[in-house]
Amino acid sequence: MLLDNTITELGTLLRSKKISSRELVEEAYDSIEKHNGALSAFITVREKKDALCDADASDASSSRGPLAGIPFCLKDAYVTKDLKTTAGSKVLDTFVPPYSATVVQKLLASGAILIGKNNMDAWGHGATNENSDYGPVKNLWDTTRVAGGSSGGSAAAVSARMAAFSIGEDTGGSIRNPASMCNIAGLKVTYGRVSRYGAIAYASSLDTVGPMAKSVSDIAEILEVIAGVDPKDATSSRREVPHYSTLLEKPLSGMRVGIPKEFFAEGLTPEVRDIFVKATRMLESLGAQTLEVSLPSLPFGVSIYYLIAMSETSSNLNRYDGVRFGNNPSFFGEEGMRRIIIGTYALKAGYHDDLYGRALKGRTMLIREFDALWETCDVLLGPTIPTLPNKLGDLSENTMSAYLADAFTAPVSLVGSPSLAIPAGFSKSGLPVGMQIIGRKFDEATILAVGHAYQKATDWHKKKPALLS
Amino acid sequence: MSTITEEEVQEVARLVGLTVAPEKLERFAKGITAIIAYMEEVKRLPVESVPETARLTEEHNVWREDTVTDSLTQTEVFQNGTNADGYFVVPAVLKHK
């Protein structure tokens, strides 16, 4: 399929007129027609004729940036002018935004073609995409299993060739988790690297906007376009944006890769551990120096994360009163209500210091522990999720075990570091397993280079599920 | 270890304008108790002399020029809500006899 190619390859084919953007968009809609019924990757798909119109305009245009003519989709957490935006919740079922998020504006200005809005756990609350008010997203490697979350629809869409890339959103693992469950790459950027203006907020000190695509080289191309300061997001960083796509070929020899021993805790599924260990051996054979390191507060990561995230979301979701837009609060789903109630409780007078306050202090401890590791390490490596993709409905009875899926991703979010999730292998039953490469703040270039080197030496990321044959 | 009662759940919900359906209350209270019980492990962290970190951004006090810039039109602002002579209609807060 044309959409099996990388964005760089597609760009070359488009510029030399060997293919047209129209053909790419036709292929995307073809995949949607064939597979979206089974996967539920989209909440809203644009009218095909509108997307084709954009594609034709792109084909006729002479200006050709790297994303020009490339079909993409967006997690439904990003407001799109005149196109329904729901954040996966029936509270916003009637909401048609009057403006577009900065990341959307940047991508449309680059010439990329919008296909639709991806299914997600409502408000970003979830790690399996079973908390969507629009139905769960299925894993195309095994449709009885979840696609991961909360950017499950984005991961499913990219892996099913319904677009060349999607923009997901990662607060505690919501890009990395579904990327690893669906065998694609997903980048959680440094907090502040990409503008959050127009991103429906879950937890404002944790939310990040990031690309999801089939390869690390694709991620680099997209990041270059979407990163950068935005006057409309006062938390966005004024640091210069490197030309990430030109920095991928950094050799691995001498790269110091720290592996926190706390990742190998009780909850880690043996198959996931084995795949991860094989991946570290591969990196060593490419010249990396691995060393065991420690993050003593890692086991507290889930509690620290959820106390902060739920407190922040209880504040952020207050605005959905149905007065200026959307439906009234009786439309909130159970998980949303649960998090708002717990967050409010954790902030209440009498409980605030013991719960929310202590979590903020625990966060400082984690930051100090990560900072100490950068003396001896260039990057850190770990599994993305402790388990394999679970069966739909498996985790519905026990919310706490659902939250534990974030054990490895949430601590990275708490400190603000970037982390790249890439495919690392398959279980005996053919389920994808990923790993995450964690970097210093604003050092996306190094983690992308490590990921790129790994992908040149392996082909996990090129595998396609039986469903697509 | 704290137990969150059904009354407490309903009271906290009321504070933020939510209502938990009566048939869900018991399950909510049990579930929330279990979650808070797990998260209370943060009380064991040795953080007495550690400062809080609420923000991750390096930026602070980001200013802009005090000039009029583009904004949404009134039509755009009201396209998702009810417009009564340029005002949003809100549910009554004060009840009169």
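The values are calculated or read from the model by the stated rules, or taken from the named source; none is laboratory data. Just so you know, these numbers come straight off a predicted model, no measurement behind them. Cβ placement follows ideal geometry from the backbone for every residue including glycine, while neighbour counts extend to all protein chains displayed. Quick note on the areas: whole protein, heavy atoms, side chains included, nothing else; ligands and nucleic acids left out. Shrake-Rupley method; radii C 1.70, N 1.55, O 1.52, S 1.80 Å.
Just give me the residues in region A:182-220 being of a type in the set (D, E, K, R) and closer than 16 Å to A:K232 by Cα, in sequence order. Correct list: A:R193, A:R196, A:D207. Filter region B:29-47 down to the residues that are more than 7 Å from chain A (Cβ to nearest Cβ) and hydrophobic (A, V, I, L, M, F, W, C), then identify the one that is surrounded by the fewest Cβ atoms within 10 Å (Cβ to Cβ). Top of the filtered list is B:A37. A Cβ distance below 6 Å, combined with a sequence gap of six or more or placement on separate chains, defines the contacts here; from region A:17-31, residues that are on the phi < 0 side of the Ramachandran plot and open to solvent by less than 80 Å² (accessible area, probe 1.4 Å) reach residues that are modelled with pLDDT of 95 or more and assigned to a loop (DSSP other than H, G, I, E, B) in the pairs A:S21/A:G69; A:A28/A:M162; A:A28/A:A163; A:S31/A:A160; A:S31/A:R161; A:S31/A:M162. Pairing each residue of region A:353-368 that is within 7 Å of another protein chain (Cβ to nearest Cβ) with any residue that is open to solvent by less than 10 Å² (accessible area, probe 1.4 Å) and among the polar types (S, T, N, Q), provided the two are 6+ apart or on different chains, yields C-beta distances under 6 Å for A:M365/A:S297. The residues in region A:82-109 that are among the polar types (S, T, N, Q) and open to solvent by 30 Å² or more (accessible area, probe 1.4 Å) can be counted, and the count is 2.
Test of understanding: among B:V50, B:V77, B:V62, which residue is at pLDDT 95 or above, among the β-branched types (V, I, T) and either surrounded by 12 or more Cβ atoms within 10 Å (Cβ to Cβ) or not in a loop (DSSP other than H, G, I, E, B) (or both)? Steps first, answer last, please.
Numbers: B:V77 fails: at pLDDT 95 or above; B:V62 fails: at pLDDT 95 or above.
Sole residue among the options that is at pLDDT 95 or above, among the β-branched types (V, I, T) and either surrounded by 12 or more Cβ atoms within 10 Å (Cβ to Cβ) or not in a loop (DSSP other than H, G, I, E, B) (or both): B:V50.
Does A:L286 satisfy the condition of being in contact with a Phe, Trp or Tyr (Cβ under 9 Å, 6 or more places away or on another chain), surrounded by fewer than 18 Cβ atoms within 10 Å (Cβ to Cβ) and in contact (Cβ under 8 Å) with a residue 40 or more places away in the chain?
On the way: in contact with a Phe, Trp or Tyr (Cβ under 9 Å, 6 or more places away or on another chain): yes; surrounded by fewer than 18 Cβ atoms within 10 Å (Cβ to Cβ): yes; in contact (Cβ under 8 Å) with a residue 40 or more places away in the chain: yes.
The answer is yes for A:L286.
Of the strands (runs of 3 or more DSSP E) lying entirely inside region A:183-300, those containing at least 1 residues that are within 14 Å of chain B (Cβ to nearest Cβ) span A:185-188, A:208-213.
Test A:L420 against the stated conditions and say whether it is within 22 Å of the chain's Cα centre (by Cα) and not in a helix (DSSP H, G or I). It is true that A:L420 is within 22 Å of the chain's Cα centre (by Cα) and not in a helix (DSSP H, G or I). The residues on offer are A:S132, A:S174, and the sole one that is of a type in the set (G, A, S), surrounded by 24 or more Cβ atoms within 10 Å (Cβ to Cβ) and either outside any loop (DSSP other than H, G, I, E, B) or touching a Phe, Trp or Tyr at 6+ places or on another chain (Cβ under 9 Å) (or both) is A:S174. Take the conditions in contact with a helix residue (DSSP H, G or I) (Cβ under 7 Å, 6 or more places away or on another chain), surrounded by 15 or more Cβ atoms within 10 Å (Cβ to Cβ) and of a type in the set (G, A, S) and apply them to A:A68. Does it pass? It is true that A:A68 is in contact with a helix residue (DSSP H, G or I) (Cβ under 7 Å, 6 or more places away or on another chain), surrounded by 15 or more Cβ atoms within 10 Å (Cβ to Cβ) and of a type in the set (G, A, S).
If you check A:V216, A:V241, which single one turns out to be closer than 26 Å to B:R64 by Cβ and either of a type outside the set (D, E, K, R) or surrounded by fewer than 21 Cβ atoms within 10 Å (Cβ to Cβ) (or both)?
Working: A:V216 fails: closer than 26 Å to B:R64 by Cβ.
Criteria check complete, one pass: A:V241.
How many residues are open to solvent by 20 Å² or more (accessible area, probe 1.4 Å), part of a loop (DSSP other than H, G, I, E, B) and either hydrophobic (A, V, I, L, M, F, W, C) or farther than 17 Å from A:E334 by Cβ (or both) when one looks only at region A:395-410? Selection size over region A:395-410: 2. Counting only residues that are modelled with pLDDT of 95 or more and in a loop (DSSP other than H, G, I, E, B), region A:325-348 holds 5 of them. Any residue at all in region A:338-348 that is without any contact (Cβ under 8 Å) to a residue 12 or more places away in the chain and touching a Phe, Trp or Tyr at 6+ places or on another chain (Cβ under 7 Å)? Yes, that holds for at least one residue.
For B:V16, indicate whether it is modelled with pLDDT under 95 and aliphatic (A, V, I, L, M).
Details: modelled with pLDDT under 95: yes; aliphatic (A, V, I, L, M): yes.
Yes.
Restricting A:S180, A:S195 to residues that are under 20 Å from A:S217 (Cβ atoms) and open to solvent by less than 10 Å² (accessible area, probe 1.4 Å) narrows the list to A:S180.
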